[in-house]
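Inspection log for the structure reproduced underneath, given as structure tokens.
The values are calculated or read from the model by the stated rules, or taken from the named source; none is laboratory data. Because the structure is a prediction, the values reported are computed rather than measured. Methodologically, a virtual Cβ is constructed for each residue, glycine included, from the backbone with ideal geometry; neighbour enumeration extends over all protein chains shown.
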Amino acid sequence: MEAKKASESLSVTSVHVLPNDTNNHGTFFGGKLMMHVDNIAAIAATRHARSLVVTASIDSVDFLRPIHAGSAVCLEAFVTWAHHTSMEVFVKIVEENLRTGARHLCTTCFLTFVALDNAGKPQPVPGVVPESEEERFLFDSAEDRYLRRKNRRKDTKTFIDKLTLEKPWRN
């Protein structure tokens, strides 16, 4: 399977932040933002794999700047690295004040997607060829993130098993 350029998966969208999208502080609901993040990342992963994909994980998201009502939020996503059947997708979230044109990076995050065949089973994905400095930086550090996610997943399974066994309403 031939590797693909990271730029081939690039997906970009903008969302106008309206009052019904905000909390009592007049800033974008985090959950609504995460819906858009997952959606744009899924498009990037699908472009890379050219198959069905499913979200396997979302790394931590630190909201560094609020996104205000009346602004636009621009989301950019692309596949940074691929393992056998999984892909790491990087998402950059930028707020734009539509009246002044000022733009600020609000947060970034990584998501992991798994490619699926028509039977719903994991299938191989192409490798990634980074070209830009940013793509190379993300590609070069991806395997470390992959190993941290793998350990976190193992810890989560152990944690869930303990919780499930101690719940009196479960048999």
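Data for the structure
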quantity: Residue within segment 29-45 that is surrounded by 14 or more Cβ atoms within 10 Å (Cβ to Cβ) and assigned to a loop (DSSP other than H, G, I, E, B) present; calculated: yes
quantity: Candidates Ala44, Ala49, filtered to the one that is in contact with a Pro (Cβ under 9 Å, 6 or more places away or on another chain), modelled with pLDDT of 95 or more and either at positive phi or of a type outside the set (Val, Ile, Thr) (or both); calculated: Ala49
quantity: Residues (closer than 17 Å to Ala72 by Cα and within 18 Å of the chain's Cα centre (by Cα)) located in segment 1-27; calculated: Ser11, Val12, Thr13, Ser14, Val15
quantity: Among (1) closer than 27 Å to Phe28 by Cβ; (2) in contact (Cβ under 8 Å) with a residue 40 or more places away in the chain; (3) surrounded by fewer than 13 Cβ atoms within 10 Å (Cβ to Cβ) - the single one Gly101 does not satisfy; calculated: (2)
quantity: Segment 51-68 - residue that is part of a strand (DSSP E or B) and not polar (S, T, N, Q) and, of those, surrounded by the fewest Cβ atoms within 10 Å (Cβ to Cβ); calculated: Val54
quantity: Strands (runs of 3 or more DSSP E) contained in segment 69-171 and holding at least 2 residues in contact with a Pro (Cβ under 7 Å, 6 or more places away or on another chain) and of a type in the set (A, V, I, L, M, F, W, C); calculated: 103-116
